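So the structure is just underneath, and the comments pick up after that.
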Amino acid sequence: MAFNHKHLLGIEHLSDFDIMTVLNTAESFLEISTREVKKVPILRGKTIINLYFEPSTRTRSSFELAAKRLSADITNFSKLNSSTVKGETLKDTVLNLEAMKADAIVVRHSCAGAPYFISTFCTSHIINAGDGAHEHPTQALLDAFTIRQEKKKIKGLKVVIVGDILHSRVARSNIFLLKKLRANIVLVAPPGLIPEELKRLGVNIDYNLDRALEGADVIMMLRIQMERQEKNFFPSIREYRNLFSLTEERFRRANKNAIIMHPGPINRGVEISADLADSVKSVILKQVENGVAVRMAVLYLLLGGKEREITD
Amino acid sequence: MKLLIKGGRIVDPASRIDGIFDILIEKGKIVDIKSNIGTQSAKSINASNLIVSPGFIDMHVHLREPGQEDKETIRTGSLAAAKGGFTSIACMPNTIPVNDNQGVTKFILSEAKKNTSVNVFPIAAITKDQKGEELTDMADLKNAGAVAFSDDGQPVYDSQTMRHALEYSKLLNFLIIDHCEDKNLSRNGVMHEGYYSYLFGLKGIPSSSEDAIVARNIILAEKADARIHLAHLSTKLSVELIQNAKKKGIKVTTEVTPHHMFLNDSDLKTYDTNLKVNPPIRSNKDSKALIEAVKDGIIDVFVTDHAPHTPDEKTVEFNEAPFGINGLETAVSLILDRLVNKKIISLEKFIEMISLKPAHILGLENKGKICVGADADLTILDINKEIVVDVNKFESKSRNNPFHGWKLKGSPVMTIVGGKVVYPF
C-alpha cells in the first residue's frame, strides 16, 4: 500500500510522499462527484462512524458524502456536551460504537489529542476531523489540493495565513503540510495570537498585513474563533477589522493571480470583505467541493486495502 | 529487642561521616556506632556492600485520606513510602474535609498510628478551607501535630493574606509553604506553555505564572523577616530569583521533584495523562536549570509531590484528566540513577537533600542524621541494583506514574523506622 498508515491523526507525521499520495488519489476521485450517478462501489460493505463531540456542518457532511460516494455505510453520532457533563467517558462511548463493528471512526473533539487517545485503545482506523487547537488534517489536504489545482505547484509559493493562529487547528495542519511541500509561509495576526515559538517550524511572522501581502500567491484567511477567545487578545472587532481584514485595497498588494482561501465558516465583513469572498479570486467554494474528493481519498487509502495505481 | 546493622557504608551528611561502621539500635534510638560491635543479643542485619543512610523524608505528599480513599489511603500511601525508602512523609492538607482544624490533624495522626509503619507528619492549611481568606488557628494546629502550613495547590493568592500569614508564622516559627502559581496566567492551562504546547494544540501554563508568585513571596518574606518554603520549583527564572534571594539572606528554601528534573515538555507528544502535573513538566532549558540548581545548592530538598489518581480518572482526554504524578516508589531510584550514579551529585549531597535538609526545614530534631541518640530511622540503599519500574507492582493504590518501563540503577532495599524493619514487608 502506498499509504502506510493505520490512522490519519495529523499532518505532522506524514511524509511529503504520503501527502502527494493523498492528493493524487483525490485527483482521480474528483470526477466521480460530477457523474450522473455519483457513486462507485469501492468501499461497499465498510462501516464508518462519523463521531462529533463538537458542532460541525461542513466537515461532517463532507465526510458523509465522501463515504456514500464510495458506497460505504456511514452513521453520524453527535455528543456535543461531553466535556462538561459527567457521565460516560470518551473511552466507553468509543468502545460501544466500535462494538457495532465499525471499520473506521471519523472523530472531531474539542480536546487536542483526543483522536490520538482513541487510537491507543481502538482497533478501527481513526481519522481526525479536528481536535481542539491541534490538527485538522483533511482540511490541510484539501487546501493543498486546491492550491495545486489553481497554481499547478506548491513549492516556492508565498502563502500568507491571517487570523487566529493561536487557536487554529487549520493553521497548524496547513503549516505542517505547506512546509513539507516547501512553500514560504507568513503568519499574520495581532501578537498575542501568534506564538513566536512557531518560527521554529520555519515560518515568518508579521504583524502588518499590508506588508505581508506584498507578492503573496495564496492568502488564507481564518475566522476569529470567538468561542475559544479569552478577552483582550485584541481590543475590539472594530480595531481587528481595521488592521487585519482582507479588503479590495489590501488585496491589490498581492500577486496578480493570487487566490483567497478560507476554511469557513466566514464572518463576512470581519476577516474578509463580502465582495472579495464572492469574487473570482476566492476559491472558498472550490475548497468545499475538493474536500469531498480528498476525504474520499483518505477513506479509500485507509480502508481500501487494494493497491491502486497512482497517476501523477 | 536490639537491632544491629553490620558492615554497611554509613553516609551521614550531618556528621560528615562516610565509612564502614556497625549501628546498634535499642528502643527506637541509635545507641552505638562503631566498627565491629559484638552481636550480643541483637538481631543482626548484614549491610555489607550497601549504603546506610539516615531515613529519607518526603515533605510533599498527598495521602488523600480523609475523603478520597479511592485514590490512596494513609495506609497505602505509607506502604508506598516504606517501599520507596522513605521513613517519614509530610502530607498536604487538601483532603476532604481540608486539614484546617485540629480534628482533621488528629484524625490523620491517629489513623497513621493505627495503620502505618512510617512517620506521618500532617501539614495543615494556611487558610480555612484553603480559600485564601481567613488564617487557620495555627498555634492550635501546631499543638495538634502540624509540622508546616500550606494551602497546597491553592496559592495564597491575596498578597495581604500571605503577608499576615508570614508575619504570624514568627509567633512559633511556623513553616509556611506556598505553591507558586498566578491562576490568572495559568487559567485553563494543561501543560507548559511553549513551542510544544503550540505544536500539540494544548493550552499552556506559562513559566511566568510561577515566577511572578515566587518573586512576590520572596518580597513578602523579606519584608516580614519570616521564612518561607516554595514548593516544587519548575522554572529557570524561579531558580534565579531564589538564588538572588538567598544571596541577600532572605529565609527562603525550596524543593524539586524528579519529574521536573528528568522529563520535559516534548515528552507530552503522546498526550499521556500521566505526564499531566501542576506545575507542568517544563522545557529542556528549565529541567537543566533545576539540575544545575541542585548542584549549586540553590535547591534544598528533593520531594515527590506524590499525587495519586485512579486509572479511571487518568484514562480520559488530556484536558479532562486531573493533575498529578504518583512518585513515592520511583523517586529514589530516579535520582540515584540520573544524578548520583551519573556523578552529577555526590551520594552525600543526595542524602543531605532527601534526609538532613527536610528534617531541618520541618524542625524534626532527632531525624535526618545518624548519631547516638537520634531516632533509628534508616534507609538502606543498593547503589548498583538495577530495576525496571513497573507501576503494576506499586503499593500505592494508584498507578499514575510516567516512568513505567524505565530501567534504573540504584534502589532502596531496606527501610527501618524507629528501629523496626518496615520494608521489605
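A short reminder: the numbers here are calculations on the coordinates, not readings from a lab. As the structure is a prediction and not an experimental result, all values here were calculated from the model. Note that each Cβ is placed from the backbone with ideal geometry, even for glycine, and that neighbours are counted across all protein chains shown.
Points worth noting:
- Helix-only [θ]222 nm of chain B, DSSP H runs n ≥ 4, -39500 (n - 2.57) each, per residue, nearest 500: -7500 deg cm²/dmol
- Projected label points at B:Asp140 and B:Ser48, each 7 Å from Cα along the beta carbon direction, are separated by 5.8 nanometres.
- Chain A - convex hull of alpha carbons, volume per residue in Å³: 129
- Only Lys, Arg (+1) and Asp, Glu (-1) charged, at Cβ; chain B dipole about Cα centre in debye: 1220
- Histogram of C-alpha separations across segment B:87-154, 10 Å bin width, %: 25, 56, 18, 2
- Taking Cβ atoms as reference points and 10 Å as the exclusive limit, the residues near B:Ile344 contribute a net charge of +4, counting Lys and Arg as +1 and Asp and Glu as -1.
- Computed FRET value (nearest 0.05) for B:Lys170 with B:Asn366, which takes r as the C-beta separation and R₀ as 22 Å: 0.35
- Taking Cα centre as origin and charging only the Cβ of basic (Lys, Arg, +1) and acidic (Asp, Glu, -1) residues, the dipole magnitude of the protein assembly as shown rounds to 1340 debye.
- Working from label points 7 Å from Cα in the Cα-to-Cβ sense, the A:Lys151 to A:Asn96 distance is 4.6 nm.
- From helices alone, chain A scores -10500 deg cm²/dmol at 222 nm; the rule is -39500 (n - 2.57) for each run of n ≥ 4 DSSP H residues, then divide by the residue total.
- Between 0 and 90 degrees, the angle of helix A:137-151 with respect to the longest Cα principal axis of chain A falls at about 60 degrees.
- Largest-first principal axis extents of the Cα set of segment A:137-287 (Å): 40, 35, 27
- Between B:Lys385 and A:Gln225, the FRET efficiency from the beta-carbon distance, with R0 = 41 Å, is close to 0.15.
- Amide H to amide H, with H built 1.01 Å from N, B:His229 comes under 5 Å of B:Ile176, B:Ile177, B:Asp178, B:Thr253, counting only residues 5 or more places away or on other chains.
- Each part gets one Cα centre, and for segment B:335-352 versus segment B:368-425 those centres are 15 Å apart.
- Cα-based radius of gyration of the protein assembly as shown once divided by 2.2 N^0.38 Å, which approximates compact folds: 1.11
- Local charge for B:Glu255 was computed over the other residues whose Cβ lies under 10 Å away, with Lys and Arg +1 and Asp and Glu -1, and equals -2.
- Cut-off under 5 Å, modelled amide H: who pairs with A:Ala2 long-range: A:Arg308
- For segment A:6-101, GluC sites (Glu not before Pro) are listed when DSSP marks them as loop and at most 10 other Cβ atoms sit within 10 Å of their Cβ; the list is A:Glu36.
- Chain B, relative contact order in percent, only Cα pairs under 8 angstrom and at least six apart counted: 20
- Taking the convex hull of Cα positions in chain B, its mean projected area over all directions (nm²): 18.4
- 3J(HN,Hα) along segment A:236-251, derived from phi through the Karplus expression 6.51 cos²θ - 1.76 cosθ + 1.60 where θ = phi - 60°, amounts to 7, 4, 4, 5, 4, 4, 4, 9, 10, 7, 7, 10, 3, 5, 5, 4 Hz, with x in place of Gly and Pro.
- Note on chain A: GNM, Cα springs under 10 Å; of A:Asn257, A:Asn128, A:Asn174, the largest mean-square fluctuation is that of A:Asn257.
- Per-pair calculated FRET efficiency, R0 = 25 Å: B:Ser15 and B:Gln40 via Cβ, rounded to 0.05: 0.55
- Note on B:Phe323 and A:Asn257: the model spin-label points, each 7 Å out from Cα along the C-beta direction, lie 5.4 nm apart.
- With contacts taken as Cα pairs under 8 Å at a separation of at least 6 residues, segment B:57-175 carries a relative contact order of 23 percent.
- The length gained by stretching the chain between A:His13 and A:Lys38 to full extension, at 0.36 nm per residue less their Cα-Cα distance, is 5.8 nm.
- When the Gaussian network model of chain A links Cα atoms closer than 10 Å, the mean-square fluctuations of A:Arg241, A:Arg69, A:Arg172 top out at A:Arg241.
- For chain B, the longest principal axis of the Cα atoms and the long axis of helix B:74-83 meet at an angle of about 60 degrees.
- Across segment A:137-287, Cα pairs under 8 Å and at least six residues apart give a relative contact order of 24 percent.
- A:Ser78 long-range amide H proximity, modeled H, under 5 Å: A:Tyr52
- Using alpha-carbon coordinates, inclination of helix B:102-115 to the longest axis of chain B, degrees: 40
- Residues in segment B:189-194 carry Karplus couplings, in order, of x, 10, 8, 4, 7, x Hz; the curve used is 6.51 cos²θ - 1.76 cosθ + 1.60 with θ = phi - 60°, and Gly or Pro positions show x.
- Dipole of the protein assembly as shown [Lys/Arg +1, Asp/Glu -1 at C-beta], most positive-end residue of A:Asn76, B:Gly8, B:Leu220: A:Asn76
- 3J(HN,Hα) couplings calculated from phi for segment B:5-11 with the Karplus curve 6.51 cos²θ - 1.76 cosθ + 1.60 (θ = phi - 60°) are, in sequence order, 9, 9, x, x, 8, 8, 10 Hz; Gly and Pro show x.
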